[in-house]
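Note sheet for the following structure.
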Amino acid sequence: MFRTLACIVAFSTLAFAQRGPAQPRTLDIYWIDVEGGAATLIVSPTGESLLVDTGFPGNADRDAQRIAQAVVTAGLSRIDHLVITHYHGDHVGGVPGLSKLVQIRNFYDHGDNTEPNGAAQFNAYVALAGNKRTILKAGDKMALGSVDLSIVSAAGKVIENRLERGFFANQCEGAEIKPEDKTENSQSVGFLLTYGKFSFLDVGDLTWDREMQLACPVNKIGEVSLFQATHHGFSNGQSGAPALIWSLRPQVVVVNNGARKGFSNGGFDTIAKIPGIEDIWQGHRGEINDAAHNTADEKIANLSAADDKGYWIKASIAADGSFTVTNARNNFSKSYTAR
């Protein structure tokens, strides 16, 4: 399969070269539909790739197959870096299947599993990662060419100090406090990606209590251009602390929800109340939501769980900070300018 992927990419590259001079590459982010799990593929302008999470196991390796197809679509022959945010099945479960389809060069995670019932999936992941595994800590840095990643959470910890960047609003007054969460969700690896004026925050399934640590008493992140909604759209109120979400002031939010997982009317309301928000894009129409609590159909990749085709959402970011989001289902796209 590695050879097949490489041949496809090589042929595509040759055909493109024959058409004329290459255009400057964008930074591309794909939200791959794994139906309520998570799989976010990032491709730098230099072609270096980073995949965050791998969706579910089983179902004839459906999620692994969808990720492998996205790899081909992105013009890649391998995954350079795989980050597993935490060890729940909808995030790490696809690793064994994916490793049979696509070469994975490096593995990153938060360290040991904290939930005994996830031992089998964790052990399978560790066996595959072998000596290519790196354990991340809050405050670590990664780079994909000119794209920088700052690790803002890992292993139940968040960064101690505010990042050195501007626009730090505060939404802490009267903020709801919730008890400490001790599930694997609370251990999630989270990162802030920056590329010129553009910024993207993905904190996996990080829980409300850790979100509050990032937001109060000091907003440690600052404002962002694009935000991937925590925990598939603030599932069951475990995530989605408004003190963080509203202080981030994202222009665009992408919700990698399932038809009946993650997103609720309350989650939609939290996002809709973000000061200055320009758009919401969804992986699925939220079938537990009423009509007023879904974004416009043109910005939803998959409209029905009964007829799910695995369509992705993609953001392409130019060096000047402008970015375009595209829905693979209907090719609808919209462009934005990073503040």
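Values in this text are rule-based calculations from the coordinates and carry no lab data. Computed from a prediction, not measured in an experiment: that's the story for all the values here. All Cβ positions, glycine included, derive from the backbone under ideal geometry; neighbour counts span all protein chains shown.
Given Cβ point charges of +1 (Lys, Arg) and -1 (Asp, Glu) and nothing else, what value in debye, to the nearest 20, does the dipole of segment 296-339 about its Cα centre take?
Once rounded to the nearest 20, the dipole reads 120 debye.
Beyond 29 Å between alpha-carbons counts as too far, so tell me which of 197/299; 132/178; 132/157; 197/273 fall in that bin. Pairs exceeding the cut-off: 132/178. Residue by residue, segment 105-119 carries 3J(HN,Hα) couplings of 7, 9, 10, 9, 7, 9, x, 5, 5, 10, 10, x, 6, x, 4 Hz when phi is fed to the Karplus relation 6.51 cos²θ - 1.76 cosθ + 1.60 (θ = phi - 60°); x denotes Gly or Pro. Computed from backbone phi with θ = phi - 60° and the Karplus coefficients 6.51, -1.76 and 1.60, the 3J(HN,Hα) list for segment 322-338 is 6, 8, 10, 9, 10, 9, 5, 5, 10, 6, 5, 9, 8, 10, 9, 10, 4 Hz; x is used for glycine and proline. Shape descriptor for the chain: Rg over Rh equals 0.94 (Cα atoms; Rh from the Kirkwood inverse mean 1/r).
At 0.890 mPa s and 25 °C, plugging the Kirkwood radius over alpha-carbon pairs of segment 241-339 into Stokes-Einstein gives what diffusion coefficient in µm²/s? After rounding, the answer is 176 µm²/s.
From helices alone, the chain scores -6500 deg cm²/dmol at 222 nm; the rule is -39500 (n - 2.57) for each run of n ≥ 4 DSSP H residues, then divide by the residue total. Take 127-134, 39-46, 227-234 and order them by the average number of nearby Cβ atoms within 10 Å per residue, most first; the result is 227-234, 39-46, 127-134.
As a ratio to 2.2 N^0.38 Å, the alpha-carbon radius of gyration for segment 51-110 is 1.01. With contacts taken as Cα pairs under 8 Å and at least 6 residues apart, the chain reaches a relative contact order of 14 percent.
Once the cut-off is 25 Å, how many percent of the Cα-Cα pairs in segment 114-238 end up in the long-distance tail? I get 27 percent for the Cα pairs in segment 114-238 exceeding 25 Å.
Segment 143-231: which trypsin sites (Lys or Arg not before Pro) are DSSP loop and have at most 16 other beta-carbon atoms within 10 angstrom? Walk me through the numbers before you get to the answer.
Working: sites: 157, 162, 165, 182, 197, 210, 220; in loops: 162, 165, 182, 197, 220.
Loop-located and lightly packed - 162, 165, 182, 197.
Think of each Lys and Arg Cβ as +1 and each Asp and Glu Cβ as -1; about the Cα centre, that makes the dipole of segment 123-267 roughly 340 debye.
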